[in-house]
Amino acid sequence: MDFQLKYANELNKLKEDESNIEFFRKLALKRDNFDIRKETIDELLRFSKENNLNNVKAWAYYYLGWYNFDKSHYDKAAECYLMSNDIFELVNNKTGLIYACNGLTNVYCQIGQFKLANEWGLKGISLCEETEDTEALVTLLINTGINYIQMKYFSKGREIFYSLEMMDCELTKTQQISCNLALAEIEINIGEPDLALSYIENALKIEDELQICTDICEIYKLKGMAFVKLKLYDLAEQAFKKSYDFSIEHDYIYEKCCSMVEWSKLHILVGRKQEAVRLLNEVTEVCSCKELNILLRESYHILYTIYKELNMSDKALAFLEEYILIDDEMYDYEQNQLMAKMNFKHTKREADQYKSLYDKTELLSTIGQKIISNLNIKSIIDLIDEEINKLIETDYFGIAVYDREEDRAKYYFVGEDLQLQEVVQFNESTNNSFGSYCIKSKKDIVIGNSDKEYKKYIDNEPIEFDEAQGKGKSYMKSIIYTPMIINDKVVGLMTVQSKEENAYDQNDLHTLKILANYSAIAIENAKSYKKVEDLATYDNLTRFLTKFEIIRLGEIIYDKYTANNSKFSVTMIDIDNFKTVNDTYGHVLGDRALSMVAETIAKCIRNTDYIGRYGGDEFLLICPGLGEPEAVDVAERIRSAVENRLYNLDDGIIVSVTISLGVHEYRKNDMSFMEVVKVADKNLYSAKGNNRNIVICS
Ligand code: GH3
Ligand code: MG
């Protein structure tokens, strides 16, 4: 039957008083029937438009949010909640606003946008307090607490759940389950795993009472995590398996991936890296299809760590790149949503004010994106410096990268001469500076007149690093410092300064903080990237190029030099009877000998030559521009240098070492770089057959 006819009575009541929505709420949120839900929502929307009922329209969007949420269309869900939020705000419906906030908290948490989730959660909580709506407050507190856990702010999460216990109100059974599981996760991470297990048992008991099994996967996953903390690896394994099997049985894809990720961490702990890789490969495959970005990001990061530890640098690098990519994508989404929020909110305001806000946010987001995709610290800083004046007026801009282990900060300044300068500051010498205050306290500094206000932060007048180089007191009046923070840890700071008094306000601080956020991520990425890239390029023991890298370069040289009809030679070098050194003195001293030989070889070659570690005690030298006679000279120089050095491996253990070398100059019938190498190798073989310690050429 036609909806309007069927529910004519209820619709009439709704027209008389918009708060008579309860009847339709039940239909629109009916768990088990998507058709009825969709029809109800569509009809409510139409009806509200026809009759100009704003409250009804807002509720309809809110229900549409849940509908999309339950269908896993999270982007759409967020959009609907935002619409409802906007309309509720227009008609000043506080209850509605609280619901919209809750919806947004949920959906953003679900897709890993924790900062956004947190923002909406806190807004909802303050509305609940304002309206004294305890029931909604409980729901919002739980969701916000869970969100804190996702952000890994466990102590903050714990505060929230403890405050719930203090509140004078009865939690529903399902809320009790959520609280117990959240507390368990907190205890696993920052407290007592035993206590976590008892929270988990509570949750299990309530599920039993209610005869539901909605949270079984989560429960056993947490159990496994608690057992891992207790080093009870067999029990952990059983728990993960249970969680995993249950997810398969019920086709819970998200839960399945969650348990696999935790399970893989256990595999790594007990030395089954391959097994971990197998699970994670499956997780990444499923998660890329389903856009489960948080899990995807975590899995890439674990894979990167595994391969790094296995010294498989090219794979490590590939996964690190995937990780950075997905991180970028999530950050992008956050920026877009912030924009969307502004879109909704500012439509009522003056157009030009809106426009400037829009431009600024867009600029920030573009600059941020550029910063993040940069993997070199210096160019990150150049980039920010180039762009910052579009956002904040500065006479002076600086970044410090903080090295926690060494407790020192490296400052990069850009002053009026526009030159990038570097200064390293050790903290013991600078405990009395704005910079170290900012790093140590993780707090911002906003000063309108530095002469008068420095005492709020430091005892003595600021030293030169804090102001423009050596210009001394009172040169810069207005100063902002903000820390760059990642996972609760300070990785550096950012500062802007101006000769004008009171040049900055909270908006500037906010802008700088966003830039600092972007930069913190970029700098962390750059650090890891640099490390892995280095591993992939240079051999750890000798600091020569890796085999992969020397061949790659060799192929480039081959192409270039053959195309230009230029000469080049390659020399294969191998240590003589090196096995004896190992057998006599052991591998550790063997390694030492190897690196000392490499050091000797390095001293004999020009910086236009390339040398790589080709095998265990074998090196490949490429000399661009050299014909065979010159290359033989070089080889002979190397041979005699190695022979004439005494190698002091340890107190009193002095050995001598010789090497054999095979030289070959590229000839027209060498069809590839590897063929050139092959001939050099053949010459090396002849050298070995000629009593060793000799150079043989073609
Ligand atoms: P030859 O004169 O025929 O080259 O004799 P050799 O003993 O050097 O034999 P070969 O080059 O075939 O074997 C290389 C040996 O070098 C094998 C291994 O004991 C040792 N080796 C290879 N890589 C390393 C390493 O990274 N560290 C140490 N300490 N020894 C290595
Ligand atoms: Mg050898």
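Couple of notes before you dig in:
Residue-by-condition table, conditions (1) free of Cβ contacts under 8 Å to residues at least 24 places away in the same chain; (2) away from ligand 2 (no atom under 16 Å from the Cβ):
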| position | (1), (2) |
| --- | --- |
| His587 | yes, no |
| Arg592 | no, yes |
| Thr608 | yes, yes |
| Leu620 | no, no |
| Glu630 | no, yes |
| Val634 | no, yes |
| Ile638 | no, no |
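- A Cβ distance below 9 Å, combined with a sequence gap of six or more or placement on separate chains, defines the contacts here; from segment 492-521, residues that are at pLDDT 85 or above and buried (at least 20 other Cβ atoms within 10 Å of the Cβ) reach residues that are among the aromatic types (Phe, Trp, Tyr) and in a helix (DSSP H, G or I) in the pairs Leu493/Phe434; Thr495/Phe434.
- Taken over segment 251-283, residues that are of a type in the set (Ser, Thr, Tyr) and touching an Asp or Glu at 6+ places or on another chain (Cβ under 8 Å) amount to 1.
- Residues in segment 215-262 that are acidic (Asp, Glu), farther than 17 Å from Asn202 by Cα and assigned to a helix (DSSP H, G or I): Asp234, Glu237, Asp245, Glu249, Glu255, Glu262.
- Scope segment 462-485; condition at pLDDT below 80 and under 23 Å from Tyr402 (Cβ atoms); matching residues: Pro462, Ile463, Glu464, Phe465, Asp466, Glu467, Ala468, Gln469, Gly470
- Residue, nearest to ligand 2 (Cβ to nearest atom), within segment 653-669, restricted to residues that are surrounded by fewer than 18 Cβ atoms within 10 Å (Cβ to Cβ) and among the charged types (D, E, K, R): Arg667
Every residue, every condition in (1) polar (S, T, N, Q); (2) under 22 Å from Glu187 (Cβ atoms); (3) out of contact with any Pro (no Cβ under 6 Å at 6 or more places or on another chain); (4) without any contact (Cβ under 8 Å) to a residue 60 or more places away in the chain, yes or no:
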{"position": "Leu82", "(1), (2), (3), (4)": "no, no, yes, no"}
{"position": "Thr134", "(1), (2), (3), (4)": "yes, no, yes, yes"}
{"position": "Leu141", "(1), (2), (3), (4)": "no, yes, yes, yes"}
{"position": "Tyr153", "(1), (2), (3), (4)": "no, yes, yes, no"}
{"position": "Met166", "(1), (2), (3), (4)": "no, yes, yes, yes"}
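- Condition check for Ile601: among the β-branched types (Val, Ile, Thr) and in contact with a Leu (Cβ under 7 Å, 6 or more places away or on another chain): no
- Segment 673-698 - residue that is of a type in the set (Ser, Thr, Tyr) and at pLDDT 95 or above and, of those, nearest to Leu621 (Cα to Cα): Tyr685
- Boolean, Leu661 is within 16 Å of ligand 1 (Cβ to nearest atom), modelled with pLDDT under 95, touching a helix residue (DSSP H, G or I) at 6+ places or on another chain (Cβ under 7 Å) and of a type in the set (A, V, I, L, M): no
- Counted residues, segment 552-577 - those being touching a Leu at 6+ places or on another chain (Cβ under 8 Å) and more than 16 Å from ligand 1 (Cβ to nearest atom): 6
- Qualifying positions in segment 684-695 - within 15 Å of ligand 2 (Cβ to nearest atom) and either buried (at least 21 other Cβ atoms within 10 Å of the Cβ) or among the hydroxyl-bearing types (Ser, Thr, Tyr) (or both): Leu684, Tyr685, Ser686, Ala687
- Selection over segment 92-126 of residues that are aliphatic (A, V, I, L, M) and at pLDDT below 90 gives a count of 5.
- Of the helices (runs of 4 or more DSSP H) lying entirely inside segment 11-125, those containing at least 3 residues that are under 28 Å from the mean Cα position of the chain (by Cα) and closer than 30 Å to Ile326 by Cβ span 74-90, 94-110.
- Segment 597-606, subset of a type in the set (A, V, I, L, M, F, W, C) and within 16 Å of ligand 2 (Cβ to nearest atom), residue farthest from Thr542 (Cα to Cα): Ile601
- Test: residue in segment 267-284 that is part of a helix (DSSP H, G or I) and in contact (Cβ under 8 Å) with a residue 40 or more places away in the chain: yes
- Being over 46 Å from the mean Cα position of the chain (by Cα) and more than 12 Å from ligand 1 (Cβ to nearest atom) is a property that Leu626 has.
- Selection within segment 636-647 - among the basic types (Lys, Arg) and within 16 Å of ligand 1 (Cβ to nearest atom): Arg639
- Subset of segment 676-698 [within 15 Å of ligand 1 (Cβ to nearest atom), more than 9 Å from Val663 (Cβ to Cβ) and not hydrophobic (A, V, I, L, M, F, W, C)]: Asp681, Lys682, Tyr685, Ser686, Lys688, Gly689, Asn690, Asn691, Arg692, Asn693
- Residue in segment 578-599 that is away from ligand 1 (no atom under 16 Å from the Cβ), within 45 Å of the chain's Cα centre (by Cα) and either of a type outside the set (Asp, Glu) or at pLDDT below 95 (or both) present: no
- Exclusive hit being surrounded by fewer than 17 Cβ atoms within 10 Å (Cβ to Cβ) and within 16 Å of ligand 1 (Cβ to nearest atom), set Asp650, Asp633, Asp617: Asp650
- If you go through segment 600-614 and pick out every residue that is in a helix (DSSP H, G or I) and either within 8 Å of ligand 1 (Cβ to nearest atom) or surrounded by fewer than 19 Cβ atoms within 10 Å (Cβ to Cβ) (or both), you end up with 4.
- Residues satisfying the stated conditions in segment 152-178, i.e. under 16 Å from Ile125 (Cβ atoms), in contact with a helix residue (DSSP H, G or I) (Cβ under 6 Å, 6 or more places away or on another chain) and hydrophobic (A, V, I, L, M, F, W, C): Ile160, Phe161, Leu164, Cys169
- Extreme residue, farthest from the chain's Cα centre (by Cα), among residues of segment 492-551 that are part of a strand (DSSP E or B) and of a type in the set (A, V, I, L, M, F, W, C): Leu545
- If you go through segment 266-307 and keep only what is surrounded by 20 or more Cβ atoms within 10 Å (Cβ to Cβ), of a type outside the set (Ser, Thr, Tyr) and more than 29 Å from Asp75 (Cα to Cα), you end up with Leu266, His267, Ala276, Ile306.
- Per-region count, segment 523-547, residues farther than 13 Å from Leu317 by Cβ and among the β-branched types (Val, Ile, Thr): 2
- Top-ranked residue of segment 567-585 - restricted to ones that are in a helix (DSSP H, G or I) and buried (at least 16 other Cβ atoms within 10 Å of the Cβ), ranked as farthest from ligand 2 (Cβ to nearest atom): Tyr585
The values are calculated or read from the model by the stated rules, or taken from the named source; none is laboratory data. Note that the coordinates shown come from a computational prediction; the quantities given were computed from them, not determined experimentally. So basically every Cβ, Gly included, is an ideal-geometry build from the backbone, and we count neighbours across all protein chains shown.
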